[in-house]
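The values are calculated or read from the model by the stated rules, or taken from the named source; none is laboratory data. Note that this is a predicted model, so its numbers are computed, not measured. Please note: Cβ atoms are built from the backbone with ideal geometry, for glycine as well, and neighbour counts cover all protein chains shown. Accessible surface areas use protein heavy atoms only, side chains included; no ligands, DNA or RNA. Shrake-Rupley method; radii C 1.70, N 1.55, O 1.52, S 1.80 Å.
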Amino acid sequence: MASDKPSLYTAWHSPFGWRAWISLLEKGVEFDYHETDPYEKSPEWFKISPRGLAPCIRHKGKSVYESTICMEYIDEAWPCTPRLLPEDPYDRAYVRMWTDHVNKKIIPHIFGMIVHQTATEQEKSKQDALDGIAAYIEAMRDGGPYFLGQNFSMADIALGTFGSIFFCMEHYRGFKVPNEAKFVKFHDWIQTIVARKSWQTVLPPREQVLEDWRPYAEGVAQTELAKAAKQGKTP
């Protein structure tokens with residue numbers, strides 16, 4: 001009989017993997033963690049994750065992959081509080097729309113500014129990322145400190161996993177979210193996010209993060225992630 005206890009397959013350094021990991025922690029779900037190299041395309045790995053993607057959740061003999069889908073699955077399979085997707089149908093759609101915005105209008109440019117090696121391409125990625133962040137901030141509900149106001153949600157996890165390591169983009173590319181009135185809400189929000197216990201559990205030490213991103217910044221990474229980022233796609 002397949003176990004009811006889920007298994008999370010991911011890599012310690014992956015912000016996409018942190019999405020699923022943080023979701024499980026936030027929901028208080030007991031799970032088994034399996035450190036995984038998603039670039040090692042072994043037959044054993046494809047048996048667990050049919051498309052070779054991480055994070056992957058194995059639950060009741062079935063696999064769920066893609067980080068956003070993993071977050072939704074976790075919320076629906078364990079419908080306890082906190083709900084990552086609100087009960088109200090419009091609010092659920094709103095969280096999904098802005099999670100999609102993060103995936104399409106922010107993250108590709110975060111990776112782009114790192115993997116591109118010319119100043120022109122890097123500056124364009126920086127501006128595109130800031131434009132995406134500005135739109136996200138504008139969409140945040142009043143009454144803070146989270147995207148929906150008082151309620152923590154999947155939209156916070158989607159951007160927060162990347163926003164919590166913007167120090168890496170500053171280190172390699174000089175990218176910073178400006179300390180301007182336009183972005184005050186972002187700075188207040190990210191401080192609240194990284195203070196959560198789940199983030200403190202998952203985030204690796206700063207130096208490890210910087211070392212992991214170094215091959216991308218130096219243009220020597222040959223991973224699928226690097227190839228997708230150079231094409232302006234969500235890795």
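Looking at the structure I just gave you, is G160 open to solvent by 10 Å² or more (accessible area, probe 1.4 Å) and either in contact with a helix residue (DSSP H, G or I) (Cβ under 7 Å, 6 or more places away or on another chain) or assigned to a loop (DSSP other than H, G, I, E, B) (or both)?
no
Could you check, for region 71-85, whether at least one of its residues is among the basic types (K, R) and closer than 21 Å to W213 by Cα?
no
If a residue has to be among the β-branched types (V, I, T) and more than 29 Å from N151 (Cα to Cα) to count, how many in region 42-89 make the cut? The qualifying residues number 1.
For residues that are more than 27 Å from E211 (Cβ to Cβ) and in a helix (DSSP H, G or I), scanning just region 133-155, find the one that is most open to solvent (accessible area, probe 1.4 Å). Per the stated criteria, the residue is E138.
Go through region 36-64 and give me each residue that's within 24 Å of I193 (Cα to Cα) and not in a loop (DSSP other than H, G, I, E, B). C56, I57, listed by residue number. Just one of the listed residues (I106, I74) is assigned to a helix (DSSP H, G or I), β-branched (V, I, T) and within 17 Å of S23 (Cβ to Cβ), namely I74. When the helices (runs of 4 or more DSSP H) confined to region 169-235 are screened for residues that are open to solvent by less than 90 Å² (accessible area, probe 1.4 Å) and not hydroxyl-bearing (S, T, Y), those reaching at least 3 such residues are found at 184-194, 206-217, 224-230.
Residues that are out of contact with any helix residue (DSSP H, G or I) (no Cβ under 8 Å at 6 or more places or on another chain), more than 25 Å from E26 (Cβ to Cβ) and aliphatic (A, V, I, L, M) within region 74-127 comprise just one, A119. Taking the condition touching a helix residue (DSSP H, G or I) at 6+ places or on another chain (Cβ under 9 Å), without any contact (Cβ under 8 Å) to a residue 40 or more places away in the chain and surrounded by fewer than 17 Cβ atoms within 10 Å (Cβ to Cβ), does D32 pass? Answer is no for this residue. Among residues of region 38-92 being among the basic types (K, R) and open to solvent by 60 Å² or more (accessible area, probe 1.4 Å), the one that is modelled with the lowest pLDDT is K41.
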